[in-house]
1. Only one of these is without any contact (Cβ under 8 Å) to a residue 40 or more places away in the chain and either in contact with a helix residue (DSSP H, G or I) (Cβ under 8 Å, 6 or more places away or on another chain) or among the aliphatic types (A, V, I, L, M) (or both): A:118, A:133, A:82. Name it.
2. Please go through the stretch B:134-154 and give me each residue that is within 14 Å of chain C (Cβ to nearest Cβ) and either within 15 Å of residue C:243 (Cβ to Cβ) or of a type in the set (S, T, N, Q) (or both), ordered by number.
3. State whether the residues of the stretch C:125-138 include one that is surrounded by 15 or more Cβ atoms within 10 Å (Cβ to Cβ), farther than 30 Å from residue C:326 by Cα and modelled with pLDDT of 85 or more.
4. Just to be sure, is residue B:262 within 12 Å of chain A (Cβ to nearest Cβ), closer than 26 Å to residue B:31 by Cβ and either under 13 Å from the mean Cα position of the chain (by Cα) or at pLDDT 90 or above (or both)?
5. Scan the stretch A:13-28 and give yes if some residue there is modelled with pLDDT of 90 or more, over 28 Å from residue B:226 (Cα atoms), more than 13 Å from every other protein chain (Cβ to nearest Cβ) and surrounded by fewer than 19 Cβ atoms within 10 Å (Cβ to Cβ), otherwise no.
6. If you check residue C:55 against the conditions, is it in contact with a Ser or Thr (Cβ under 7 Å, 6 or more places away or on another chain), surrounded by 10 or more Cβ atoms within 10 Å (Cβ to Cβ) and outside the structural domain of residue C:130 (by TED's automatic domain parsing)?
Amino acid sequence: MSTEPMPDFPPHMKRFFDAELETFRTHLITMGETSIRQVREAIKALVDGDIALAKKVVAADDELDQLEIKIDEEAVRYMSLRAPIATELRMVIVGMKASHDLERVGDEAVSIAKRAVRLAAEPPLKPYVDIPRMTTMALEMLRDALDCFLHIDTEKAVAVIRRDEQVDQLNKQLYRELTSFMVENPGNISRAIELMFISKSIERIADHATNIAEEMIYLAKGKDVRHDDAVKKGVSNP
Amino acid sequence: MEPSAPLAIRVPAPRDVGATSTIIEIEDFNFSYGAKQALFDVNLKLDARRVTAFIGPSGCGKTTLLRCLNRMNDLIDGTVINGGRIRIHGVDINGPEVDAIELRKRVGMVFQKSNPFPKSIYENVIYGLRIQGVGSKSRLDEIVEKSLRGAALWDEVKDRLHESGVGLSGGQQQRLCIARAIAVQPEVILMDEPCSALDPIATAKVEELIHDLKKDYTIIIVTHSMQQAARVSDKTAFFYLGRLVEYDDTQTIFMNPANPQTEAYVSGRFG
Amino acid sequence: MPAPVPNHPFVTRSSRGRLIEGAVFWLMRLATYFVLVCGLCVLGDIFLKGGRTVFQAEFPYVNVPFLTQAPETLYVFEHEGQKMQLGDRDFRAFREAATAKAKAAGQPAPQFRTESYVYSAGGIWPCIVGTVLLVVGSMSIALILGVASAIYLNEYAKDTPGVRAIRLAILNLAGVPSIVFGLFGFGLFVIFLDWNVSLLAGWFTLAFMVLPVVITASEEALKAVPKGFREGSLALGATKWQTIRKNVLPYALPGILTSSILGIARVAGETAPIMFTAAYVVRDKLPWEVEKVSDFFFQGVMALPYHIYVVSSKIPQNEYTARVQYGTAFVFLFIVAVIALSSILLRNHLRRRYQW
């Protein structure tokens, strides 16, 4: 028998249902990857005028819807059978909310893809520069927000929240630009409106990324920063 | 945009539900202690190699039914089975040709209060085998190691097998009792509130063990902790006043019970 | 000026109840002291006077003849102006020697004007042997019968009115006076079974006397073994007997022995049950000096309590008998203490071994 004293606190014990939580996390990450891919492919379809790709994006949305349902089921199951407490409880709640955000991101991708199909029938209004740029920014935000889910990193989450402003600015800029196109030539109006909506969609995607980042802060710290302007403006940290 | 590094997460294999087979059938079972009837017309089919939880308020008959499954109630004066039968593998266990001793070798039991015998850990584990007359030292050694490993206790006690089992902590004692039960190779293990005297950590260890054991054994557990029933069991039976109120998948019982009494009980709003 | 009353709710207040309580406690305390003083007087008397018989000032400090010889008649006489005290055998040898000496000198044989006192010389060795034999034999019988019936009553018998009646009868038996047991043993064993006054008759009579104590105590000891030991064993597929033998009886044993110690003191101490059934006033041969093995069981023995009874009430009293009385009482107490002590040691050993 060893004479060493027992450690004060027993080492972390793995429970048999940890695997369920792992599955839950994995499904959420898969959902994030899928929604990012959907948005990226929708924008690619728009830029390349690739109708087939756009249609594929529309069809693939079902995947995300199924994942959302699955995540909700798992969350409810976990809450009713495993009685999660503290971080686990927040994880499950945040997971449900984030899955809803990701599903909405998927919907925006579908909306972009549908507009891409319509826009593909006409020549482009102008070379697509700002929209891919905005998309890249929004998707980076989304990816960073999801990264926080893997490695708890509130700094990164706060950075995501602060970047939302840039996307909003870009959206406003594009809005003014497109308005001037419409004023110039009424023939541009339908295309400009489609592009406006696409820009708005991307802006919405960035908003969802912001939501997810806020949820990640809640997950890590148990603190709600959703309507805390100080955090958004960088005056204070959560 | 650069594709990010693949997310390094292992996707666990989906939980193996497999095909279930019924091992115990309880049909219209009625049971009395003297003049007091404890169980009324219980009908239940229990699955092999699954964990079934019996829940219900005190005095609802869940422990009585559990003890009927290995005829431990035979030992109490004045108990009567007034109607119905219990079959294990189709055999009526109260039939005239069934020996309660043989039955109990196949249907082991773990009690509410851990009851290691005041012998060494080694002697505790082999008690059942000694009774059956197994004498070979090497075989006993082998079974002791296997049983203690099976009960997730081997690493903690392997250096002190010949110290008294009473000197172990509460949770270890209960796992020793489980090791003792599985040493005789039963098919079914009955557990009567096995964690009611244990702290949360010891409880968690026993629950882990139950989860592991169901690969090889059919486990029926009586518990007062609804969370425990929810965590460890595959199916749950809710008893009230000696009657079976609801029996279904644990998930259904805890998420969407059909009976309002069940709902009131599992949500802690009884009476 | 009265002291100021402290301003908190836990103030001590004197009251009638408190006063009565104090008085009652004092009465109890006095009663205890009284008992203590009485006990000390009795024991002190025996130890002081008996010690004078058993111990002596010179080497080997213990009066060996007293412990190793049989009782003899004491002869007190005057010889050539000297006062002599000699036991039976020594007196005969002395007289023969004196007669022979006188004959050689051509004188007439000397006349000894002796006073004789029975049992006042020699020792009590046969009584010690007899008492030990009686205790060992009767306790063995009582334990075997008592534990067996306790097991039956506690583990096997259902709780029916019949069993309850048996239990009550056993309890009542404990209150029966020992002389009644003596008469019962005399009637059954000595007369009816024709065992005569014998060890066997004494064993059984004493055993019956302590059986109620042993049965009741054994039942209590069995009840004290946790139910979990029985259920745990049965649930592993053990039969009832296997359970009792391996997992109940070993743990009840210390308790059974504890209460049997009381039985030992009683068996060793009682005079009434053996006076008709097993005890001889005097017997020349020691118990093992028998021709056949079976004779061993059918012989009467001397016993310490009966010897005390004889020397203190059946023979004329004088200064010489007092010595034997106190010496015997001292040895008797000592032997009971030794037997009880060894049982306590055995019990402690078992308790350590079967701890729960």
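The values are calculated or read from the model by the stated rules, or taken from the named source; none is laboratory data. Just so you know, these numbers come straight off a predicted model, no measurement behind them. Ideal geometry is used to build each Cβ from the backbone, glycine not excepted, and the neighbour counts take in all protein chains shown.
1. Residue meeting the stated conditions: A:133.
2. Selection gives B:147 alone.
3. no
4. no
5. Checked against the condition, which is being modelled with pLDDT of 90 or more, over 28 Å from residue B:226 (Cα atoms), more than 13 Å from every other protein chain (Cβ to nearest Cβ) and surrounded by fewer than 19 Cβ atoms within 10 Å (Cβ to Cβ), the stretch A:13-28 yields no hits at all.
6. Considered against the rule, which asks whether it is in contact with a Ser or Thr (Cβ under 7 Å, 6 or more places away or on another chain), surrounded by 10 or more Cβ atoms within 10 Å (Cβ to Cβ) and outside the structural domain of residue C:130 (by TED's automatic domain parsing), residue C:55 comes out as no.
A quick yes/no check of all residues on (1) among the small types (Gly, Ala, Ser); (2) within 14 Å of another protein chain (Cβ to nearest Cβ):
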residue	(1), (2)
A:104	no, no
A:116	yes, no
A:134	no, yes
A:178	no, no
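Yes/no per residue for (1) crowded, with 23+ Cβ neighbours inside 10 Å; (2) more than 8 Å from chain C (Cβ to nearest Cβ); (3) among the β-branched types (Val, Ile, Thr):
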position: B:57; (1), (2), (3): no, yes, no
position: B:73; (1), (2), (3): no, yes, no
position: B:79; (1), (2), (3): no, yes, yes
position: B:89; (1), (2), (3): no, yes, no
position: B:101; (1), (2), (3): no, no, yes
position: B:106; (1), (2), (3): no, yes, no
position: B:117; (1), (2), (3): yes, no, no
position: B:122; (1), (2), (3): no, yes, no
